[in-house]
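Data block below; observations after.
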Amino acid sequence: MVDRAYTDRDLAELYNPMNPWHPSDDFYLDLVMGAGSVLDVGCGTGVLLHRAREVGHPGRLCGLDPAAAMLDQARSRTDVEWVHGDLSAVGWEREFDLVVMTGHAFQVLVDDDELRAALSAIRSALAEGGRFAFETRNPLARAWERWTTTEPEEITNAAGDLIRIVTVVETPVTGDVVHFTDTFTSSRWDEPRTSRSSLRFLDPDSLRSFLSEADLVVEEQFGDWNRDPLTDTSPEIITIARAGHR
Ligand SMILES: C[S@@+](CC[C@H](N)C(=O)[O-])C[C@H]1O[C@@H](n2cnc3c(N)ncnc32)[C@H](O)[C@@H]1O
């Protein structure tokens with residue numbers, strides 16, 4: 001089930017103000033501009049593909065997302081293909097030179113079966129020699145231990161209303177899936193709105209093994225957006241995998 005933060009229109013509209021352009025977007029934009037055809041899985045509000053078109057990408061750009069409230073914002077640009085759904089709903093075969101999953105969208109794939117099915121669909125969608133680029137947070141850096149808020153985050157929506165957001169990680173954390181809630185409060189709403197999320201923190205060995213099962217070979221791996229090597233203390237596991245030879 002997709003988090004309420006993405007399906008509730010009032011909450012989805014806060015996504016862009018809460019997530020301004022980031023060095024990770026520059027990293028992916030560079031890859032996108034070097035690829036003829038691109039699929040962005042979990043494209044959300046479509047910011048990456050919007051920018052790629054704005055700066056002159058001439059080829060096929062396609063964004064896929066199961067949350068209509070996110071995708072409707074992406075649709076403000078009509079020169080990009082937008083598909084509502086997830087990888088279980090599509091049947092692309094050898095169509096894209098690059099598939100990306102950005103903004104830690106990869107971590108929403110929490111079950112083994114769901115992850116295997118998604119990777120298999122990504123492999124099928126890749127053209128000969130195509131690449132899959134994505135990031136997942138390094139479990140050794142234990143980012144979730146810093147997510148529970150001490151002071152509510154405050155953001156102003158398009159109508160000028162102040163929204164307060166409180167994040168609480170469910171403890172104890174056991175295994176590699178972290179569950180947490182974000183509670184949004186506004187004086188305009190009758191009651192607070194809570195979105196519950198589950199994110200998987202795969203370690204590098206398990207990640208490599210799931211990729212290899214899907215015929216995706218790790219080509220490059222970085223630990224941060226400066227392209228530094230992956231170490232135990234790196235915040236991210238940024239992976240570029242190439243489709244194997246079938
Ligand atoms: C954190 S947002 C990232 C959005 C965008 N990639 C970015 O970097 O701004 C995660 C996105 O993944 C989408 N999502 C949730 N479940 C998904 C699934 N099973 N397959 C693909 N996308 C999914 C959500 O609707 C949401 O738009």
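The values are calculated or read from the model by the stated rules, or taken from the named source; none is laboratory data. Keep in mind the model is a prediction, meaning the values are calculated, not measured. When we count neighbours, we look across all protein chains shown, and the Cβ atoms used for this are built from the backbone with ideal geometry, even at glycine.
Here is a list: Ser120, Ser197, Ser124, Ser209. Which entry is hydroxyl-bearing (Ser, Thr, Tyr), in contact with a Gly (Cβ under 9 Å, 6 or more places away or on another chain) and surrounded by fewer than 21 Cβ atoms within 10 Å (Cβ to Cβ)? So the residue among Ser120, Ser197, Ser124, Ser209 that is hydroxyl-bearing (Ser, Thr, Tyr), in contact with a Gly (Cβ under 9 Å, 6 or more places away or on another chain) and surrounded by fewer than 21 Cβ atoms within 10 Å (Cβ to Cβ) is Ser124. Note on the stretch 169-192: among residues that are hydroxyl-bearing (Ser, Thr, Tyr) and either in a strand (DSSP E or B) or under 27 Å from Asp10 (Cα atoms) (or both), the one that is nearest to the chain's Cα centre (by Cα) is Thr181. Looking at Asp30, Asp65, Asp72, just one residue is at pLDDT 95 or above and within 6 Å of the ligand (Cβ to nearest atom), and that residue is Asp65. With respect to Gly36, determine if the residue is surrounded by fewer than 16 Cβ atoms within 10 Å (Cβ to Cβ) and touching a Lys or Arg at 6+ places or on another chain (Cβ under 9 Å). Yes; evaluated as a whole, the condition is true for this residue.
Taking residues in the stretch 69-82 that are within 13 Å of Tyr6 (Cα to Cα) and part of a helix (DSSP H, G or I), and partners anywhere that are away from the ligand (no atom under 11 Å from the Cβ) and basic (Lys, Arg), the pairs with Cβ atoms closer than 7 Å and at least 6 places apart or on different chains are Ala69/Arg9. The residues of the stretch 33-52 that are outside any strand (DSSP E or B) and within 16 Å of the ligand (Cβ to nearest atom), listed by number, are Gly42, Cys43, Gly44, Thr45, Gly46, Val47, Leu48, Leu49, His50, Arg51, Ala52.
Evaluated against (1) touching a residue at least 12 places away in the same chain (Cβ under 8 Å); (2) out of contact with any Gly (no Cβ under 6 Å at 6 or more places or on another chain); (3) under 24 Å from Trp225 (Cα atoms), Ser37 falls short on exactly one condition, (2). If you check Thr171, Thr183, Thr156 for being exposed (fewer than 13 other Cβ atoms within 10 Å of the Cβ) and touching a residue at least 12 places away in the same chain (Cβ under 8 Å), only one passes: Thr156. Taken over the stretch 134-147, residues that are among the hydrophobic types (A, V, I, L, M, F, W, C) and crowded, with 21+ Cβ neighbours inside 10 Å amount to 1.
Taking the numbered list (1) within 13 Å of the ligand (Cβ to nearest atom); (2) out of contact with any Asp or Glu (no Cβ under 9 Å at 6 or more places or on another chain); (3) assigned to a loop (DSSP other than H, G, I, E, B) in turn, Gly56 passes all entries but (1).
So that you can scan it fast, the table gives a plain yes or no per residue for (1) over 14 Å from the mean Cα position of the chain (by Cα); (2) closer than 23 Å to Ile240 by Cα; (3) of a type in the set (A, V, I, L, M):
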site: Arg9; (1), (2), (3): yes, no, no
site: Asp30; (1), (2), (3): yes, yes, no
site: Leu39; (1), (2), (3): no, yes, yes
site: Gly46; (1), (2), (3): no, yes, no
site: His57; (1), (2), (3): yes, yes, no
site: Leu71; (1), (2), (3): no, no, yes
site: Gly103; (1), (2), (3): no, yes, no
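May I ask you to say which residue of Thr239, Thr233 is closer than 21 Å to Gly175 by Cα, in contact (Cβ under 8 Å) with a residue 40 or more places away in the chain and of a type in the set (Val, Ile, Thr)? From the options Thr239, Thr233, the qualifying one is Thr233. Is it true that some residue in the stretch 195-214 is free of Cβ contacts under 8 Å to residues at least 24 places away in the same chain, closer than 24 Å to Asp161 by Cβ and not assigned by TED's automatic domain parsing to the domain that holds Leu119? No - not one qualifying residue is present in the stretch 195-214.
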